[in-house]
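> Sharing a structure here in structure tokens format.
Here, each number is a calculation from the coordinates, and none is a lab measurement. The shown structure was predicted, so the numbers you read here are calculated from the model rather than taken from an experiment.
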Amino acid sequence: MRFRSVASLLAFCCLFANGCSEGISRATAAIVFSVKGNVVFGNSERNHFQPVTLKSRIHSGNTVRSADGASIKLALIPGALAQLSGNSEIKIEELRIAKDGNQTAGGMRERSTRIRLNRGKIIVLFNRSDRSASQFAITARELTVRADSDCLFCVWTDGTTTRVTCARGEINASADAQPPAAIAPGYFQKSPTAGKEPLAAADDAAAQIDITESLEIGEQLRDQALGWQNRRPL
């Protein structure tokens, strides 16, 4: 299964890059697979940014900004790949893993990612192929999206309206204190909106584009993750 192969290689990739002491939880860094155009990262509070390169390691607290027409593909944590599209901005609030064993053996005990999408679009390929506790959340304005199982989805916001579209698997979206709504493949949800139930992407042109782009980018992310691993043999 494609999702499973991605999770296995990323577990190695992330641990190779960062390392984990036995039984210890620690912050980790996102790995850059590819970057196109002008993409920068750094501390937004201090307005201190630097260009993203393939050697960049993006940590919790960093903001990533892409110019119009630019993009960046990266591994956030083992099993979680993402592309940030052009004219977009995210703040990485948490990247954390915990592992049993040494750098190349043992199982993953916990994975945690929290991201805030300030503007633009992000496409995420998420895999949970083991029994480790996984927490993956993206917040855009008042809407929070959580991935608890294998899925491929897209989140877009212009700062006023947010759209979440599911291409594969299932995701959960909640606004403020409302109960989360499950979004199945081929459906999307907007916020703010009068309706609470997800809508069919086939009835919305923008959501249809989300689905098409997600499927295409998901394959690219998988291929680039495999290529990254092959460049770093055991």
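> With every atom except the alpha carbons ignored, what do you get for Rg and Dmax of the range 174-234, in angstroms?
Computed over the Cα atoms of the range 174-234, radius of gyration and Dmax are 16.8, 53 Å.
> Using just the alpha carbons, could you tell me how many Å³ per residue the convex hull of the range 42-191 encloses? List each step's numbers first, then the result.
Working: hull volume 18.4 nm³, N = 150.
In the range 42-191, the Cα hull volume divided by residue count equals 123 Å³.
> As an exercise, take the mean of 1/r over every pair of distinct alpha carbons in the range 126-232, invert it, and state the Kirkwood radius in angstroms. Show your work: numbers first, answer last.
Working: mean 1/r = 0.0688 Å⁻¹.
Evaluated over the range 126-232, this radius sits at 14.5 Å.
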